[in-house]
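Here is the structure we will look at.
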Amino acid sequence: MKKFIEEFKVFITRGNVIDMAVGVTVGSAFTAIVNSVTNNIIKPFINWIISIIIGADTLSECFTFLGAPARLEDGTIDLANSIYIDWGAFINAIINFFVIAFVLFCVVKAINAFTDKQKAVTAKLFEGIISTEDKKAMKKQGISLKDKEAVDAYFKAKQAEADRIAAEEAEKERLEREANPTTEELLKQIRDILSNK
């Protein structure tokens, strides 16, 4: 029994279960938003168009009866006891599908764009391009790792500074050699002078 409880504890605290729980919660809230958009924004326009075209006031009045409709005592149609095709419910389902598909497309597109940026930054980190020191220096300069152009500009400026320092050191080394030549260099200079005479 103890082993069973331990396995259950491991299962319940795994990332996938928590992610699934978050997904279900967000999904139910997302469904409420989509239903609100469909029922409160899109359907009124469709109802208005349908009332112009076929004279029905709403989608809920779009029926095709298969046979004579059952009527109540006051003469209204009894839908519970009638056989009919509910075109309004069908059109509502299609509208809901397209709204959900469009919103999911937008969400996935935004997530993919964010993920692609993160992958590019992560690739640079793993390639060793962005070291911890570089990240600290960029943070001091107010450069975000997500801003690709600013990061590229930072590395170009860093490379230009490294090239400038290397050129200065090379020039300094050359001047130092000229000022303090080695014995071998002095002997070569003497040989060159003697050979020219």
Review point. Beyond 21 Å, what percent of the Cα pairs of the range 70-197 remain?
Key: 73 percent
Practice item. Any chance you could run the full-extension gain for TRP48 through PHE155? It's 0.36 nm times the residue separation minus the Cα-Cα distance, nm to one decimal. Key: 32.7 nm
Review point. Highest GNM mean-square fluctuation, the chain, Cα pairs closer than 10 Å: which of GLU184, GLU161, GLU73?
Key: GLU184
**Study point:** Separation in nanometres of the label points that stand 7 Å from Cα toward Cβ, at ALA137 and VAL24
**Key:** 5.0 nm
Review point. So how tilted is helix 2-13 from the main axis of the chain? Cα-based, degrees 0 to 90, rounded to 10.
Key: 80 degrees
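How much length is gained if the chain between ALA166 and PHE97 is pulled fully straight, taking 0.36 nm per residue apart and subtracting their Cα-Cα distance, in nm to one decimal?
My answer for the length gained is 18.6 nm.
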**Study point:** Candidate lysines for bridging to LYS188, where Cα separation is under 21 Å - those fewer than 8 sequence places away on the same chain excluded
**Key:** LYS197
Study note, to complete from the structure: Rounded to the nearest 0.05, FRET efficiency between PHE8 and ALA32 (Cβ-Cβ, R0 22 Å) equals 0.10
Review point. For the chain, what is the charge dipole size about the Cα centre, in debye to the nearest 20, if Lys and Arg each add +1 at the Cβ and Asp and Glu each add -1 at the Cβ?
Key: 640 debye
Review point. When the chain is fully extended, how far beyond the present Cα-Cα distance does LYS117 get from LYS146, taking 0.36 nm per residue of separation?
Key: 9.8 nm
Practice item. Using only Cα atoms, find the angle between the long axis of helix 183-196 and the longest principal axis of the chain, and express it within 0 to 90 degrees, rounded to the nearest 10. Key: 70 degrees
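List, in the order given, every pair from LYS117/LYS158; LYS9/LYS109; LYS117/LYS140 whose Cα-Cα distance in the structure shown is over 27 Å.
As for pairs spanning more than 27 Å Cα to Cα, those are LYS9/LYS109.
Bear in mind that the values in this text are calculations on the coordinates, not laboratory data. Keep in mind that what you see is a predicted model, and the values were worked out from it rather than measured. FYI the Cβ positions are ideal-geometry reconstructions off the backbone, even for glycines, and counts take in every protein chain you see.
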